[in-house]
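J.: Have a look at this one before I ask anything.
Derivation of every value follows stated rules applied to the coordinates shown; laboratory data play no part. For clarity, every value in this text was computed on a predicted model and none was experimentally measured. Cβ sites come from the backbone with ideal geometry, for glycine too, and all protein chains shown count toward neighbours.
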Amino acid sequence: MENQIKKLKDEAIKEIKQSKALAALKKLEVKYLGRKGELTKVLRGLHDLAEEQKPKIGQLANEVKTELEQLIKNIQIELEAGGGVQTSQPIDLTLPGQKYPLGHLHPLTIVQRQLEEIFSRMGFMVLEGPELESEYYNFESLNIPASHPARDMQDTFYIKDQPGWLLRTQTSNQQVRTMEKYGAPLRAIFSGRVFRREATDASHDSAFYQLEGLMIDKDISIAHLITAMKTMLKGIFKKDVKVRLRPGYFSFVEPGFEVDVSCLLCDGKGCGVCKKTGWVEMIGAGLVHPKVLAAGGLDPKIWSGFAFGMGINRLVMLKYGIDDIRLFMSGDLRFLEQF
Ligand code: FA5
């Protein structure tokens, strides 16, 4: 019996020391020390020994068991420290690694975040608003009653079987809500998707993004509006860009303007995006109409303000030289992977 145990021990030690992988080591542990393992079988046979032999053989078997357990533990630590190298094949460390595809931000999101940073630095709150909107906030609160011809300026998607509800046509839907919530003085921007039932072309889509700015205080003038526009455009283009102000009609501002930016795609020479005019219509703006201030619960005799709404898609087109607005929502990876 004694010899049998010693032989088993030598065999086990030899095999365990040769194991090169954790899985193989585990198998040896089961083979020798498991419930049906070789050493366990020997220990079970102790019953059949003469009484005087039992303590000596029992002690030897236990010593061997402890020794093997310790050896297995040491080898396990060595194998683990070897960086999980569990193969007898040498590893070629110069082979290129596996590349995992990484996601990234959409160009509209990149620029939207830059805009939010620029306005945050000027003390504007960054807010959001709903895409599903009531006629009241999208039109009526903005001095556009139901019969007003200005409703026809923005072809609207109405919600079927839900009278009075629509997909917002402009981020101006947040103007009166913001005044109601925050009162005056107030500086806020709100951006997001707006929807219009229009035919699409290189510079028009039926779903696009706007960024709206609203500043209410005492004695606000066009000079404040122009300064905010210039700071924003300079922050995005990192250089002075040519802008021109044209009188524009929006029933919620008085006076109202359209701000055009010189087309950076063709350097003002004329292309599909600027419709051969050399200018891209980018922003609607003006001084907040007294009726809108009143709808927001503010006294127009005390408070005045400016508001503007800009098409973010068109801004991004000029910044990156994108010649068709429909690419943004195309989901075409060849386009998106360039940003
Ligand atoms: C408005 O939406 C007004 N709410 C802007 C405003 C806000 C005026 C505050 C006064 C005070 P307009 O419909 O012109 O205005 O749209 C504003 C900008 O959105 C445009 O200058 C243009 O850059 C962009 N835009 C308009 N229609 C489209 C379209 N179909 N596709 C892409 N961009 C568009």
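J.: With N denoting the number of residues in the range 2-81, provide Rg(C-alpha) divided by 2.2 N^0.38 Å, to two decimal places.
T.: My calculation over the Cα atoms of the range 2-81 gives 1.16.
J.: Who wins for biggest fluctuation among H47, H106, H224 in a Gaussian network model of the chain, springs between alpha carbons below 10 Å?
T.: Maximum among the listed residues: H47.
J.: Count the DSSP beta bridges whose two residues both fall in the chain, then state the antiparallel fraction as a percent rounded to the nearest 5.
T.: If we restrict to bridges inside the chain, about 95 percent are antiparallel.
J.: To continue, here is another question. Counting alpha carbon pairs within less than 8 Å and at least 6 residues apart, what relative contact order, in whole percent, applies to the chain? List each step's numbers first, then the result.
T.: Details: 530 pairs, mean separation 50.1, N = 339.
Across the chain, relative contact order equals 15 percent.
J.: Please enumerate, by chain and number, the lysines with C-alpha under 23 Å from the C-alpha of K26, excluding those fewer than 8 residues away in the same chain.
T.: Filter leaves K6, K7, K9, K14, K17, K36, K41, K65, K73.
J.: Report the residue, chosen from L287, L105, L68, that carries the largest GNM mean-square fluctuation when the chain is represented by alpha-carbon nodes joined by springs under 10 Å.
T.: L68
J.: Moving to a separate point now. Rounded to the nearest 500 deg cm²/dmol, what is the calculated helix-only ellipticity per residue at 222 nm for the chain, with -39500 (n - 2.57) per DSSP H run of length n ≥ 4? Intermediate results must be reported in sequence, preceding the final value.
T.: Values: 11 runs with 126 residues, N = 339.
Result for the chain: -11500 deg cm²/dmol, rounded to the nearest 500.
J.: To the nearest Å, what is the center-to-center distance of the range 149-225 and the range 24-70, using C-alpha atoms only?
T.: The range 149-225 and the range 24-70 have Cα centres spaced 82 Å from each other.
J.: Here is a further query. Evaluate the charge dipole of the range 2-81 about its Cα centre and quote only its size in Debye, nearest 20, assuming +1 on the Cβ of each Lys and Arg and -1 on the Cβ of each Asp and Glu.
T.: With only Lys, Arg, Asp and Glu charged at Cβ, the dipole is about 300 debye.
J.: Let me ask something additional. According to the square roots a ≥ b ≥ c of the eigenvalues of the Cα gyration tensor, what is the shape class of the range 107-336, taking rounded for a/c under 1.5, prolate for a/b larger than b/c otherwise, and oblate for the remainder? Can you show the working numbers first?
T.: Working: a/c = 1.66, a/b = 1.25, b/c = 1.33.
Here the range 107-336 falls in the oblate category.
J.: Now, a different point. Looking at the chain as a GNM with Cα springs under 10 Å, which of K160, K36, K234 has the largest mean-square fluctuation?
T.: K36
J.: So if I take the centroid of the Cα atoms in the range 295-339 and the same for the range 77-146, what is the distance between those two points in Å?
T.: Rounded to whole Å, the Cα centres lie 19 Å apart.
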